[in-house]
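Each remark here refers to the structure printed beneath this line.
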Amino acid sequence: MWTALLLPSAVLVALLIWQAPDRHNPFTPIDLTDRPGPATRHKLTNVQRQPETCFKALDDADVLYTRLDNSPAGETCGKYDALTLDRSLTPYSTTLSMTCAQTATLYMWERHVARPAAIEIFGSPIVEIETYGSFSCRKIARSNRTSEHARANAIDISGFVLENGRRIMVKSHWHNGGPEGAFLKRVRNGACRMFSVTLSPDYNADHADHFHFDMGLGRACK
């Protein structure tokens, strides 16, 4: 009886997914240029297990990169399915070496969250994103756990430079009630919808001057 009732419902759900736009369909390949939808996080998580799909998505979005050889298996600190970012939509203040999945998620955040927010709030585009870097062989502060930075699967962002010369810094403006603070809250909240872990000054003192974004196994938005 229950099978007879559930089967039509399952068929209906499958038909709705099949007919939905690609950005709502969890089974279609991700398009980094398409607006985020309900299936975006699922797709970004999946590309960690599908490196060739991930690199193709970067190619289709015209992201330029140099692909890196995998580190020897089993190393505590290593780069796997990783790249050096050569060109995205916006320059970064330092060279970034990251996993493909981390790069793809960063690109979506940059394109669909940070850049539109700068235009809407300040009327000026971002010309540089200031960062403390990505790959670093280290543990989480005051912990024995290996950081996602040690797997090239994280980035720390400290601020933004706009075309009109304005600099918006996490350390200086997070607690600012003006447009700078509103901008930083928006880009943090947008990151939470894409990255596995998003940490801001609201998390602890170690993040008072930057955002931490990673595509690790954890889940946090703080």
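Points worth noting:
- For the range 185-202, the candidate set comprises residues that are part of a loop (DSSP other than H, G, I, E, B) and crowded, with 19+ Cβ neighbours inside 10 Å; within that set, the residue that is farthest from the chain's Cα centre (by Cα) is 201.
- Considering the range 72-92, the residues that are among the acidic types (Asp, Glu) and modelled with pLDDT of 95 or more include one that is nearest to residue 128 (Cα to Cα), namely 86.
- Taking the range 77-184 and the helices (runs of 4 or more DSSP H) fully enclosed by it, the elements with 3 or more residues that are closer than 25 Å to residue 34 by Cα and in contact with a Pro (Cβ under 9 Å, 6 or more places away or on another chain) are at 100-109, 115-122.
One line per residue, one yes/no per condition, for (1) over 15 Å from residue 106 (Cα atoms); (2) over 17 Å from the mean Cα position of the chain (by Cα):
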site: 24; (1), (2): yes, yes
site: 32; (1), (2): no, no
site: 43; (1), (2): no, no
site: 48; (1), (2): no, no
site: 53; (1), (2): yes, no
site: 69; (1), (2): yes, yes
site: 72; (1), (2): yes, yes
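- Restricting attention to the range 75-100, the residues that are aliphatic (A, V, I, L, M) and surrounded by fewer than 18 Cβ atoms within 10 Å (Cβ to Cβ) add up to 1.
- Residue match in the range 209-216 (condition: among the aromatic types (Phe, Trp, Tyr) and either assigned to a helix (DSSP H, G or I) or over 23 Å from residue 41 (Cα atoms) (or both)): no
The values are calculated or read from the model by the stated rules, or taken from the named source; none is laboratory data. In this text, all values refer to a predicted model and were calculated from it rather than measured experimentally. Every residue, glycine among them, receives a Cβ derived from its backbone with ideal geometry; neighbour counts consider all protein chains shown.
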